[in-house]
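Report on one structure; see the data block that follows.
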Amino acid sequence: MVKRHAYLKATGSYLPEKVLSNADFERMVETTDEWILTRTGIRERRIAAVGEEVSHMGRDAALKAIEKAGIDKSAIDLILVATSTPEYLVSNTASLIQNELGLTDIPAFDLQAACSGYIFGISMAKAYIESGTFNTILLVAPEKLSAITDYEDRGTSILFGDGAAAAILSSEPAGLMIGTTPIGSDGSQYGLLNIPAGGSKTPAGESTVRDKLHTIKMNGKELFKHAVRRMNSAAGACLKAEGITKEEIDWLVPHQANIRIIEAVAKYCDIPHEKVFKTVHKYGNTSASSVGIALDELLEAHPFNPGQKVLLAAFGAGLTWGATLLTQV
Ligand code: UT7
């Protein structure tokens with residue numbers, strides 16, 4: 001029997017209009033544009049408007065991916081959503097996006113792998129497509145990190161932004177063929193980045209609100225080391241399994257958390273900086289949507305020729321990490 005392959009047929013993204021610049025942060029907390037730029041590479045990020053929810057941003061990114069794929073939305077037979085900022089704990093955001101798109105009956109569910117969500121989503125969609133379970137999958141990664149950010153904490157608030165990415169994954173040979181997609185997790189380090197309250201262990205209450213336990217708490221220094229190590233190992237595993245050399249990679253799209261992390265991964269992968277696609281300066285860290293937004297902008301700016309390859313790598317809370325190799329057909 002001929003093996004079925006999975007293809008990333010088209011991508012889409014959405015960024016809210018409102019810009020939060022480093023100069024804005026200079027007015028909000030004790031920081032400087034120079035500190036933020038040199039320590040993170042971030043100049044500005046986008047922030048959702050009041051009433052602009054993840055289902056809206058996700059819908060708009062999805063509509064662009066559907067249009068670019070040239071399919072009718074009725075062809076979609078599964079919606080997967082990767083987000084750390086679901087609109088509600090229940091119901092899932094995938095169902096809300098299904099509703100926003102005017103689709104019914106098809107399954108729709110969320111996965112939570114923090115900043116690795118887009119690659120975990122690709123891994124899951126690939127398995128579903130290769131097994132013949134589904135043919136056309138809509139993957140959406142919308143994030144509204146502004147809703148879970150403590151804007152009095154200069155150590156975290158400067159990092160995060162809002163945005164959404166989407167992709168149409170298909171069994172039809174078009175776009176980018178999805179190669180080896182190694183993913184991994186290390187739950188022993190879950191405390192390095194989490195939101196302490198609002199889940200079933202510590203439900204919302206007066207004290208959790210007072211103590212700001214509904215916003216991101218992070219050990220940035222430790223995470224930094226894990227991020228570099230795990231993205232390097234995932235990228236290395238991907239190249240090894242594919243049997244290709246670093247020279248054969250046309251583009252690297254790493255998770256856009258910090259320019260210093262991006263540079264460390266590029267150095268390990270031996271990929272020159274002009275082949276590393278970056279959006280961190282203008283959007284900051286948009287968690288699950290980060291790699292997807294960057295991939296969408298890369299494909300818009302530099303349409304691929306057949307055979308060209310892009311390596312994606314991501315890392316996030318959990319801890320979680322993953323990589324995938326995509327080759328233009
Ligand atoms: O999405 C995946 C998960 N996230 C990450 O991967 C994030 C990874 N970590 C990072 O990107 C970096 O660790 C940060 C950008 C968060 C921090 O950079 P750092 O070089 O690790 O700085 P630090 O946390 O060690 O802080 C150094 C100093 C501290 O002052 P003291 O204790 O040395 O006096 C901080 O209080 O910088 C201070 N600091 C700031 N100063 C000005 C922290 N944030 C700021 C700020 N402005 N915004």
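The values are calculated or read from the model by the stated rules, or taken from the named source; none is laboratory data. Please read these numbers as outputs of a predicted model, since none were measured by experiment. So basically every Cβ, Gly included, is an ideal-geometry build from the backbone, and we count neighbours across all protein chains shown. These accessible areas exclude ligands, DNA and RNA; they are computed on the full protein's heavy atoms, side chains included. Shrake-Rupley method; radii C 1.70, N 1.55, O 1.52, S 1.80 Å.
The figures follow:
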read-out: Sequence-separation-based contact order of the stretch 183-328, relative, with Cα cut under 8 Å and 6+ spacing, percent; value: 32
read-out: Leading residue at positive end of dipole, the chain (Cβ point charges), from 326, 264, 20; value: 264
read-out: Theoretical ellipticity at 222 nm over the chain - DSSP helices of four or more residues, -39500 (n - 2.57) apiece, nearest 500; value: -10000 deg cm²/dmol
read-out: Solvent exposure of the stretch 183-328 as accessible area per residue, Å², 1.4 Å probe; value: 44
read-out: Span-like helix ranges in the chain, DSSP H, alpha carbon extent 24 angstrom or more, Kyte mean at least -0.5; value: 220-242
read-out: Counting DSSP beta bridges with both ends in the chain, the antiparallel % (nearest 5); value: 75
read-out: Pairs of alpha carbons in the stretch 1-96 whose separation is greater than 20 Å (percent); value: 57
read-out: Gaussian network model of the chain, Cα within-10 Å springs - most flexible of 145, 295, 37; value: 37
read-out: Residue 309 accessible area, assembled protein chains, probe 1.4 Å, Å²; value: 40
read-out: Residue with peak Gaussian network fluctuation, the chain [Cα springs, cutoff 10 Å], from 294, 264, 164; value: 264
read-out: Order of exposure, largest accessible area first, which applies to 230, 154, 4, 210 with probe 1.4 Å; value: 210, 154, 4, 230
read-out: Set of lysines near residue 309 by C-alpha distance (under 22 Å), chain-local residues within fewer than 8 positions excluded; value: 3, 9, 68, 126, 240, 246, 267, 275, 278
read-out: Positive-end extreme of charge dipole, the chain - chosen from 63, 179, 106 (charges on Cβ); value: 179
